[in-house]
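Remarks on the structure that follows.
The values are calculated or read from the model by the stated rules, or taken from the named source; none is laboratory data. Keep in mind the model is a prediction, meaning the values are calculated, not measured. With ideal geometry, Cβ positions are generated from the backbone for all residues, glycine too; neighbour counts draw on all protein chains shown. Protein only, heavy atoms only, side chains kept; ligands, DNA and RNA dropped before computing areas. Shrake-Rupley method; radii C 1.70, N 1.55, O 1.52, S 1.80 Å.
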Amino acid sequence: PRYRPDWASLDARPLPAWFDRAKVGVFVHWGVFSVPAWGSEWFWWHWQGQHDAAYERFVRRRFPPGTTYAEFAPRFTAHDFQPRQWAQLFQRAGARYVVLTTKHHEGFTNWGSPVSWNWNSVDTGPHRDLVGELGEALRESNLRYGLYHSLMEWFNPLYLADKQSDFKTQSFVLKKTMPELYDLVLKYKPDLIWSDGDWEAPDSYWNSTSFLAWLYNDSPVKDTVVVNDRWGRGCSCRHGGFYNCADKYRPGTLPDHKWEMCSSLDRLSWGYRSNMSLAEVMDEMSMIEELVQTVSLGGNYLLNVGPTKEGVIVPIFQERLLALGRWLDTNGEAIYESQPWRVQMENTTNTVWYTSKGPVVFAIFLLWPLDSVLHLSSPIPSPGTQVTLLGFAGTLKWQNQPGKGMLITLPYMLPSPLPPQSGWVVKLEGVK
């Protein structure tokens with residue numbers, strides 16, 4: 001069936017299955033904002049949109065008088081950008097897809113956009129097609145490729161004129177934003193389009209529904225492409241493909257629509273900050289907890305890193321990504337291609353979460369019980385129930401818990417002054 005350019009028709013499109021199976025992705029925020037590398041990726045807006053005193057002071061201290069944001073672009077060199085190394089890192093992190101900012105709200109495009117004259121990574125800065133190079137490397141590593149694209153641009157005169165007319169005119173959409181989206185799809189054939197920057201105007205201004213109808217009906221990726229829900233004011237959590245709802249969104253209960261939680265290793269920014277401190281970086285336990293909660297509630301987990309202007313993913317981010325990958329090497333069976341179970345978490349505690357695959361149930365516990373006995377009240381065991389601990393050989397002893405559920409005797413852990421790393425999975429076969 002052909003999709004019509006209206007939400008009733010577009011929202012009825014089934015989500016390509018690869019996305020729900022993938023569960024884990026890496027988000028990359030990279031652009032001219034990586035040059036000042038201070039505050040956040042909204043640097044230009046805070047500095048010259050809001051005239052924030054801290055940002056003005058920062059520029060005065062570090063740059064010559066009269067410096068403009070455009071003058072940061074030549075310093076966005078990507079000298080050390082090695083796309084194959086990035087792809088290998090993301091693969092080792094256990095990611096199944098990667099989403100790169102092709103253009104943030106600053107309007108600078110990380111490919112040679114024909115409608116972004118001199119404000120793109122081929123004409124200035126790196127003099128490289130960053131979108132294309134990363135795409136090639138990811139495909140070699142069998143990772144799906146997503147493209148983040150901001151519909152709006154803070155200081156684009158065409159956008160400002162449309163805004164002035166209360167979005168009755170559409171010069172910016174027709175001359176800039178839509179040509180770029182079509183160009184990205186035709187050139188790079190993405191698996192995912194992560195739209196953003198939509199909130200100031202309705203979807204009718206952005207021409208979102210006609211773009212999506214073309215994407216689903218006639219584009220080269222019509223059968224495989226997945227999109228999010230940021231296509232105009234009021235679309236979030238209501239229209240599109242999977243739902244983001246809001247940055248770092250966490251539903252309290254199981255949503256009835258596929259969703260994704262995007263989170264950032266730097267808790268204070270999506271782009272790289274040179275003044276980031278260790279205390280501001282998410283630790284391994286928080287990362288695994290977010291992943292587990294998200295997946296047990298049916299979501300995907302998209303974890304962000306901000307590379308430096310040279311294209312380096314700093315060692316602390318690499319270390320966290322590799323820790324996530326090691327955890328998934330052992331416990332991925334409970335994550336990838338899993339489904340939410342009839343119970344998502346034990347109501348006695350917020351440290352046990354469930355996922356399932358067919359008849360198999362996985363109980364993921366985030367804290368090791370002091371007596372090494374795991375109490376599960378939700379599964380109903382049968383005489384043939386088998387219990388194993390992922391990453392540990394042999395089966396575990398269990399008994400019926402008085403009342404309901406089961407008590408599982410975990411393997412003995414060596415005494416240590418430090419709590420062991422977080423998150424273990426017991427696999428339950430033969431339970432209801």
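Exactly one residue out of E289, E337 is open to solvent by 30 Å² or more (accessible area, probe 1.4 Å) and out of contact with any helix residue (DSSP H, G or I) (no Cβ under 7 Å at 6 or more places or on another chain): that is E289. For the structure I just gave you, tell me whether D223 is in the same structural domain as C262 (by the TED database), surrounded by fewer than 23 Cβ atoms within 10 Å (Cβ to Cβ) and in contact (Cβ under 8 Å) with a residue 40 or more places away in the chain. Judged against the criteria, D223 is a match. All conditions but one from (1) open to solvent by 30 Å² or more (accessible area, probe 1.4 Å); (2) in contact (Cβ under 8 Å) with a residue 60 or more places away in the chain; (3) part of a loop (DSSP other than H, G, I, E, B); (4) of a type outside the set (K, R) apply to T308; the one that does not is (1).
Annotation: of all residues in the range 161-189 being surrounded by fewer than 14 Cβ atoms within 10 Å (Cβ to Cβ) and among the aliphatic types (A, V, I, L, M), the one that is nearest to the chain's Cα centre (by Cα) is L186. Taken as a whole, the structure leaves L328 outside the set of residues that are open to solvent by 30 Å² or more (accessible area, probe 1.4 Å), assigned to a helix (DSSP H, G or I) and of a type in the set (A, V, I, L, M, F, W, C).
Please work out if G197 is under 16 Å from V185 (Cβ atoms), open to solvent by less than 40 Å² (accessible area, probe 1.4 Å) and not polar (S, T, N, Q). In short, no.
Against the conditions (1) closer than 15 Å to E290 by Cα; (2) open to solvent by 10 Å² or more (accessible area, probe 1.4 Å); (3) not in a helix (DSSP H, G or I), R320 satisfies every one except (3).
Being modelled with pLDDT of 95 or more and part of a helix (DSSP H, G or I) is the requirement here; does R342 meet it? Here the answer is no, as R342 does not meet what is asked. Cβ separations smaller than 6 Å between residues 6+ apart or across chains give the following pairs from the range 128-156 residues that are assigned by the TED database to the domain that holds T77 and in contact (Cβ under 8 Å) with a residue 24 or more places away in the chain to residues that are aliphatic (A, V, I, L, M) and in a helix (DSSP H, G or I): A137/A87; L138/A87; S141/A87; Y145/L138; L147/L184.
Within the range 70-90, residues that are at pLDDT 95 or above reach partners that are among the β-branched types (V, I, T) and open to solvent by less than 10 Å² (accessible area, probe 1.4 Å) with beta carbons closer than 7 Å, at six or more positions or on different chains, in the pairs F72/V32; A73/V32; F76/V32; W86/I313; L89/I313; F90/V26; F90/V98. The residues of the range 242-262 that are touching a residue at least 60 places away in the same chain (Cβ under 8 Å), surrounded by fewer than 20 Cβ atoms within 10 Å (Cβ to Cβ) and out of contact with any helix residue (DSSP H, G or I) (no Cβ under 7 Å at 6 or more places or on another chain), listed by number, are T253, L254.
Of the residues D247, D256, the single one that is of a type outside the set (S, T, Y), more than 29 Å from K103 (Cα to Cα) and part of a loop (DSSP other than H, G, I, E, B) is D256.
Just one of the listed residues (K187, K163, K168) is touching a residue at least 12 places away in the same chain (Cβ under 8 Å), basic (K, R) and farther than 17 Å from S113 by Cβ, and it is K163.
Among the criteria (1) outside any strand (DSSP E or B); (2) of a type outside the set (A, V, I, L, M, F, W, C); (3) open to solvent by 20 Å² or more (accessible area, probe 1.4 Å); (4) farther than 15 Å from N331 by Cβ, the one G391 does not fulfil is (4).
This table checks each residue for (1) without any contact (Cβ under 8 Å) to a residue 60 or more places away in the chain; (2) hydroxyl-bearing (S, T, Y); (3) in the same structural domain as Q91 (by the TED database).
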residue	(1), (2), (3)
R320	yes, no, yes
P359	no, no, no
V373	yes, no, no
S377	yes, yes, no
A393	yes, no, no
G405	yes, no, no
S422	no, yes, no
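Quick one: would you say T124 is in contact (Cβ under 8 Å) with a residue 24 or more places away in the chain, buried (at least 20 other Cβ atoms within 10 Å of the Cβ) and β-branched (V, I, T)? Against the criterion (in contact (Cβ under 8 Å) with a residue 24 or more places away in the chain, buried (at least 20 other Cβ atoms within 10 Å of the Cβ) and β-branched (V, I, T)), T124 does not qualify. Checking each residue in the range 68-91 for being polar (S, T, N, Q) and surrounded by 13 or more Cβ atoms within 10 Å (Cβ to Cβ) picks out T77, Q82, Q85, Q88, Q91. Only one of these is out of contact with any Gly (no Cβ under 9 Å at 6 or more places or on another chain), touching a residue at least 60 places away in the same chain (Cβ under 8 Å), open to solvent by 20 Å² or more (accessible area, probe 1.4 Å) and outside any helix (DSSP H, G or I): W38, W45. Name it. Within the list W38, W45, the selection yields W38.
Per-residue answers, yes or no, for (1) of a type outside the set (A, V, I, L, M); (2) within 27 Å of P5 (Cα to Cα):
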| residue | (1), (2) |
| --- | --- |
| V122 | no, no |
| R128 | yes, no |
| Q170 | yes, yes |
| L186 | no, yes |
| D198 | yes, yes |
